[in-house]
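Read the structure below first, then the notes.
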Amino acid sequence: MRVLILGGTHEGFQLAELLAAQGGVDFISSLAGRTREPRRPKGQVRTGGFGGADGLADYLRTERITHLVNATHPFAAQISANAVAAAEAAGVPLLRLLRPAWTARQDDRWVEARHATEAAELCRREGGRIFLTLGSGELDAFTEIHNAHFLVRMIDAPERLPLHDYRVIAARGPFSLQNELRLLAEHHIGLIVAKNSGGEATYAKIEAARRMALAVIMIERPAIALDPRSPAVARVEDVVAWITQQGR
Ligand code: NAP
């Protein structure tokens, strides 16, 4: 058995930890190479793109991968689509490790947006001081907004962002509720834009918004996150059980 874990998430990291601790399974973690100092999981690690679905299929064959686990972020749509196509082409079973999405509580003030462009349109209508918790690749839709000040939080803060009026802060989760309440108050935030990432590490901002009665523009997950061609489990233990079952 030889497992390829498409990672770059806390879950991918946890899975590598668990497989390393249990022993007996050969595995490789794959990182995209986006962050300057990624948390390096235990075991063998490779970094950088494969060159599309065909490149990934070639890699599966060359490295004699027997199990593919897509543990990437729910919003990593391209690599997830590539994983489906490559697994099919190379005849390798694929499992999606996917954290459940957050669901709104009665006292949450969420406005659902289908994608970043729709979220940007809502921001343009609203204006004011807006906390953007998106990646640099998702900011293009916000470039022409002139009636808002954006507070942007990223793991690696680039020197310049394609926004009109903004402040960028570099920080890596997990974030505490206290931290988020302080940040929102300090920057006089009136609106939050978030992706429905799920998980605990970045949930505190949603809780803080609830406490402060702030609206959250919640960007829904891309459709590939629910693709039936890659059955999904939510827990790393379920991935280990799947690998073991398949190996029999
Ligand atoms: P994406 O748009 O779905 O993928 C773009 C390209 O990056 C892919 O086509 C692939 O290049 C390469 N790539 C992505 N993940 C890879 C991996 N684990 N190993 C090797 N190559 C990978 O991906 P993204 O949304 O930019 O995310 C990139 C990485 O950051 C992923 O590992 C993801 O788990 C992590 N991450 C993403 C988010 C988010 O909000 N999107 C948040 C936290 C962490 P090739 O086509 O050349 O193979």
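Suppose we keep only residues that are more than 17 Å from the chain's Cα centre (by Cα) and part of a loop (DSSP other than H, G, I, E, B) within the range 183-200. Which one would you say is nearest to Ala170 (Cα to Cα)? Taking the candidates together, the pick is His187. Summed over the range 206-248, the residues that are of a type in the set (A, V, I, L, M), in the same structural domain as Pro93 (by TED's automatic domain parsing) and in a loop (DSSP other than H, G, I, E, B) give a count of 1. Taking residues in the range 77-99 that are β-branched (Val, Ile, Thr), and partners anywhere that are open to solvent by less than 40 Å² (accessible area, probe 1.4 Å) and assigned to a helix (DSSP H, G or I), the pairs with Cβ atoms closer than 9 Å and at least 6 places apart or on different chains are Ile79/Leu56; Val84/Ala53; Val84/Ile224; Val92/Ala57; Val92/Leu60; Val92/Ala86. Of all residues in the range 172-196, which are touching a residue at least 12 places away in the same chain (Cβ under 8 Å), farther than 21 Å from Ala119 by Cβ and either open to solvent by less than 30 Å² (accessible area, probe 1.4 Å) or not hydrophobic (A, V, I, L, M, F, W, C) (or both)? Answer for the range 172-196, where residues must be touching a residue at least 12 places away in the same chain (Cβ under 8 Å), farther than 21 Å from Ala119 by Cβ and either open to solvent by less than 30 Å² (accessible area, probe 1.4 Å) or not hydrophobic (A, V, I, L, M, F, W, C) (or both): Arg172, Pro174, Ser176, Asn179.
Out of all the residues in the range 88-109, is one or more among the hydroxyl-bearing types (Ser, Thr, Tyr) and either over 16 Å from Glu220 (Cβ atoms) or within 16 Å of the ligand (Cβ to nearest atom) (or both)? For the range 88-109, residues among the hydroxyl-bearing types (Ser, Thr, Tyr) and either over 16 Å from Glu220 (Cβ atoms) or within 16 Å of the ligand (Cβ to nearest atom) (or both): absent. Of all residues in the range 60-82, how many are more than 11 Å from the ligand (Cβ to nearest atom), open to solvent by 40 Å² or more (accessible area, probe 1.4 Å) and either closer than 23 Å to Glu237 by Cα or touching a Gly at 6+ places or on another chain (Cβ under 7 Å) (or both)? Count: 1. When Ala89 is tested against (1) surrounded by fewer than 18 Cβ atoms within 10 Å (Cβ to Cβ); (2) closer than 26 Å to Lys195 by Cα, just one condition goes unmet, and that condition is (2). When Ala208, Ala204, Ala141 are checked against the criterion of being aliphatic (A, V, I, L, M) and over 16 Å from Trp102 (Cβ atoms), Ala141 stands alone in meeting it. For the range 122-139, the condition holds for no residue, the condition being that it is among the basic types (Lys, Arg), assigned to a loop (DSSP other than H, G, I, E, B) and assigned by TED's automatic domain parsing to the domain that holds Met212.
So, in the range 1-33, exactly how many residues are without any contact (Cβ under 8 Å) to a residue 60 or more places away in the chain and within 13 Å of the ligand (Cβ to nearest atom)?
Taking the range 1-33 first, the residues without any contact (Cβ under 8 Å) to a residue 60 or more places away in the chain are 13, 16-17, 20-21, 23-24, 26-33.
Okay, now just the ones that are also within 13 Å of the ligand (Cβ to nearest atom), so 13, 16, 28-33.
Qualifying residue count for the region: 8.
Return a yes/no flag: does the range 123-132 have any residue that is crowded, with 16+ Cβ neighbours inside 10 Å and within 13 Å of the ligand (Cβ to nearest atom). Within the range 123-132, one or more residues are crowded, with 16+ Cβ neighbours inside 10 Å and within 13 Å of the ligand (Cβ to nearest atom). Against the conditions (1) open to solvent by less than 70 Å² (accessible area, probe 1.4 Å); (2) within 12 Å of the ligand (Cβ to nearest atom), Arg39 satisfies every one except (1). Return the residues of the range 46-55 that are near the ligand (Cβ under 7 Å from one of its atoms) and under 20 Å from the mean Cα position of the chain (by Cα); say none if nothing qualifies. Correct list: Gly48, Gly49, Phe50, Gly52.
Considering the conditions (1) in contact with a Phe, Trp or Tyr (Cβ under 8 Å, 6 or more places away or on another chain); (2) surrounded by fewer than 18 Cβ atoms within 10 Å (Cβ to Cβ), Ala204 is excluded by exactly one of them, (2).
The values are calculated or read from the model by the stated rules, or taken from the named source; none is laboratory data. As the structure is a prediction and not an experimental result, all values here were calculated from the model. Heads up, the Cβs are rebuilt from the backbone with ideal geometry, glycines too, and the neighbour counts pull from every protein chain shown. Ligands, DNA and RNA are stripped out before the accessible areas are found, and what is left, the full protein with its side chains, is counted by its heavy atoms. Shrake-Rupley method; radii C 1.70, N 1.55, O 1.52, S 1.80 Å.
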